[in-house]
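The values are calculated or read from the model by the stated rules, or taken from the named source; none is laboratory data. Treat the numbers as computed from the prediction; the structure is a model and nothing was measured. All Cβ positions, glycine included, derive from the backbone under ideal geometry; neighbour counts span all protein chains shown.
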Amino acid sequence: MPDSLRPPPFVESLNNDQINQALSELADLLEIRGANPFRVRAYRNAVRTIQGLTRPLAEMVEAGEDLTELPGIGTDMASHIRELLEAGSLQLLGETAQEVPRSLTALVKLEGLGPKKVKRLWEELGVTDLDELEEALEAGRVQTLDGFGKKSAEKALRSLHAFRKRQGRFLRAKARDELTPLLEALSRAPGVERLEVAGSFRRGRDTVGDADILARVEGGEEERSAVVQLFTSFPEVEEVGMAGDTRASVVLKSGFPVDLRIVPGESFGAALHYFTGSKEHNVRIRSLAQRKGLRVNEYGVFKVDDGGNGNPRSGTRVGGECEEEVFQAVGLPWIPPELREDRGEVEAAGDDALPHLVELEDVRGDLHMHSTWSDGRNSIREMVEACRGRGYEYMAITDHSQAVRVANGLTPERVRKQWEEVEEIRGEVEGIALLRGLEVDILKDGSLDMPDEILAELDVVLAAVHSHMGMEEAEMTRRIISALEHPAVNILVHPTGRLLTRRDPYAVDMEAVLTAAAELDVAVELNANPYRLDLHDLHVKRARELGLRISVATDAHRIGHLNFMEGGLLQARRGWLRKEDLLNSLSLDELRRRLGRRGKGA
Ligand code: DGT
Ligand code: CA
Ligand code: CA
């Protein structure tokens with residue numbers, strides 16, 4: 001947690017529930033670690049006592065009452081409570097979380113899994129969070145452990161999905177995978193003329209809360225109800241929330257909620273605009289309309305010549321069939337959905353200054369990927385063939401350096417060996433330039449995990465943080481900037497370390513990092529892995545303002561991952577990037593010149 005978010009002492013003390021949450025989390029972690037059962041029980045007892053209290057602990061402490069007089073509260077527990085009230089956090093919890101991944105506590109709460117089972121999943125299968133558990137369950141690996149039958153695995157999967165439902169947001173890429181077969185089934189229904197997924201999905205957000213599908217259906221009531229019927233009976237549907245004549249909502253088995261609306265042709269554009277949002281963007285467009293005596297809503301664009309009688313469909317219809325008409329009505333050009341967040345796009349459109357957003361054709365190469373030399377699944381040759389198949393002009397193989405042991409990172413000797421293979425492949429393959437790259441680990445003190453002689457001979461050096469992510473913000477910021485100061489570094493990759501739905505970004509002052517990168521002429525990456533999408537959109541926009549070049553790269557660990565590029569570009573567009581803001585839109589010559597500028601003497 002960045003310091004700025006930590007509650008200042010005594011200003012707003014934790015309430016009893018929050019204290020309980022910390023103590024139970026600690027109990028879970030200790031139990032997963034295999035701590036003395038008496039010790040674990042002490043925490044659980046304290047939690048039970050606190051649950052039964054009728055007064056805030058903060059008040060009792062302030063009144064000088066002796067907490068050890070409460071049943072189940074000893075001296076240790078009392079001092080934990082005081083620490084929580086004073087500091088807002090518990091040092092022991094932080095320390096324990098260094099040993100046992102905090103994300104495991106979410107597993108403990110699933111039906112059929114207690115701390116003991118979670119401990120085994122962690123130790124024997126390497127499961128550390130819900131996503132990994134889901135993977136292990138679906139691959140049938142959990143069922144192979146002693147004491148985990150088919151029944152209990154099914155139970156765990158069901159309760160995991162239910163948990164997801166509560167938790168709320170889904171990776172856009174997962175949502176897309178779930179929507180694809182559904183859209184395909186719907187598109188085959190008689191009368192279906194057009195299908196669009198609106199909402200945050202269309203705006204290209206990294207995660208989505210639900211899907212908002214719009215359908216245009218030719219024909220009459222019969223066709224419409226057949227579409228609704230098809231939608232609600234789709235095999236992946238777990239639960240039907242509501243099903244009317246032109247609307248239905250369902251929840252898929254994964255917990256992902258999907259809405260369907262059947263919209264008449266004359267309103268389709270207006271509905272598409274309305275349901276694409278964002279809410280903030282819509283508010284801006286509506287108020288522009290009002291000033292022109294118009295009403296814009298999901299039914300269309302209307303001239304308010306009815307004195308505003310409250311009927312949303314009254315007045316003279318002046319548009320609504322396509323989105324352009326909505327924008328036209330308020331005197332604006334069409335705005336790409338990725339920009340519709342009220343982050344200046346309405347003003348830019350008004351000044352005819354919308355950016356020409358980057359597209360897939362602008363991408364000439366991929367500058368971050370792994371091979372079997374470290375933790376990738378495909379050989380360099382296979383990666384090269386796949387990149388060539390995508391029509392790239394260049395690519396870089398960027399395996400890990402040795403500090404990243406779990407990824408079989410390369411020693412200097414292995415780097416040199418890898419170059420021999422690179423040389424061989426260069427001789428064999430035509431039509432694509434294979435760059436010698438490396439994803440160098442930024443060590444705790446900000447130095448790089450590779451000798452300078454090696455770094456100097458690489459075509460492209462990526463720098464990344466993979467360890468000690470719990471540092472204080474100021475220290476982490478210094479660590480990263482000092483790595484960027486090394487003249488060999490070309491690109492700071494996955495700059496915040498976040499893993500969507502799994503891990504928060506580490507504490508780091510991104511404004512300072514981006515400013516330093518701009519001064520030092522280092523590029524930053526927008527990592528296109530759907531869990532990362534790191535930089536996030538606001539930082540992408542800021543990086544562009546600072547004049548940085550951005551490398552949109554897949555970090556592919558297998559051939560299939562090269563397709564992440566598309567999702568990365570959506571996020572690039574959300575960050576207002578144009579072709580000329582990308583590093584990997586440069587021609588090979590321009591790229592080489594740029595990479596060589598920093599101390600590699602090329
Ligand atoms: P999500 O699903 O949480 O990722 O985000 P969205 O943007 O898809 O939001 P959602 O599904 O609640 O609604 C879809 C769009 O419908 C939203 O972007 C704008 C529009 N919309 C929904 N409710 C309202 C509202 O109360 N006022 C206005 N102006 N627009 C709304
Ligand atoms: Ca939505
Ligand atoms: Ca919705």
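The figures follow:
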| quantity | calculated |
| --- | --- |
| Residue among 208, 197 that alone is within 16 Å of ligand 2 (Cβ to nearest atom), free of Cβ contacts under 8 Å to residues at least 24 places away in the same chain and within 18 Å of residue 257 (Cβ to Cβ) | 197 |
| Lone unmet requirement of (1) modelled with pLDDT of 85 or more; (2) buried (at least 19 other Cβ atoms within 10 Å of the Cβ) for residue 123 | (2) |
| Pairs, first more than 16 Å from ligand 2 (Cβ to nearest atom) in region 279-293, second of a type outside the set (Val, Ile, Thr), C-beta under 6 Å, six or more apart | 284/342 |
| Matching residues in region 474-521 - criterion: being over 20 Å from the mean Cα position of the chain (by Cα) and without any contact (Cβ under 8 Å) to a residue 12 or more places away in the chain | 475, 519 |
| Enumeration of residues in region 512-566 that are touching a Phe, Trp or Tyr at 6+ places or on another chain (Cβ under 7 Å) and farther than 14 Å from residue 584 by Cβ | 529, 530, 541, 544 |
| Within region 260-302, considering residues that are under 30 Å from residue 184 (Cβ atoms) and part of a strand (DSSP E or B), the one nearest to ligand 1 (Cβ to nearest atom) | 261 |
| Pairs with Cβ under 9 Å, 6+ apart, first in region 522-540 and on the phi > 0 side of the Ramachandran plot, second of a type in the set (A, V, I, L, M) and part of a loop (DSSP other than H, G, I, E, B) | 533/500 |
| Some residue of region 288-299 being away from ligand 3 (no atom under 16 Å from the Cβ) and at positive phi | yes |
| Whichever residue in region 159-191 is crowded, with 21+ Cβ neighbours inside 10 Å and farther than 30 Å from residue 538 by Cβ and, among such residues, is nearest to ligand 1 (Cβ to nearest atom) | 182 |
| Number of the exception - residue 556 against (1) surrounded by fewer than 17 Cβ atoms within 10 Å (Cβ to Cβ); (2) closer than 23 Å to residue 385 by Cβ | (1) |
| Single residue of 283, 217 found to be more than 16 Å from ligand 3 (Cβ to nearest atom), closer than 28 Å to residue 538 by Cβ and β-branched (Val, Ile, Thr) | 283 |
| Count - residues of region 238-249 that are closer than 21 Å to residue 190 by Cα and part of a strand (DSSP E or B) | 4 |
| Helices (runs of 4 or more DSSP H) completely within region 352-457 that count 3 or more residues being touching a residue at least 12 places away in the same chain (Cβ under 8 Å) and among the charged types (D, E, K, R) | 380-389, 412-428 |
| Among (1) in the same structural domain as residue 225 (by TED's automatic domain parsing); (2) within 16 Å of ligand 3 (Cβ to nearest atom); (3) surrounded by 13 or more Cβ atoms within 10 Å (Cβ to Cβ) - the single one residue 242 does not satisfy | (3) |
| Identity of the residue in region 194-231, among the charged types (D, E, K, R) and within 11 Å of ligand 1 (Cβ to nearest atom), that ends up farthest from residue 267 (Cα to Cα) | 206 |
| Criterion: within 30 Å of residue 498 (Cα to Cα), in a helix (DSSP H, G or I) and either within 16 Å of ligand 3 (Cβ to nearest atom) or over 23 Å from the mean Cα position of the chain (by Cα) (or both) - qualifying residue of 179, 157, 183 | 179 |
| Which numbered condition residue 370 fails, given (1) more than 30 Å from residue 431 (Cα to Cα); (2) in the same structural domain as residue 432 (by TED's automatic domain parsing) | (1) |
| Any hit, region 252-263, residues being modelled with pLDDT under 95 and more than 16 Å from ligand 3 (Cβ to nearest atom) | yes |
| Residue list for region 523-567, restricted to those being under 13 Å from residue 510 (Cβ atoms) and assigned to a loop (DSSP other than H, G, I, E, B) | 535, 536, 546, 548 |
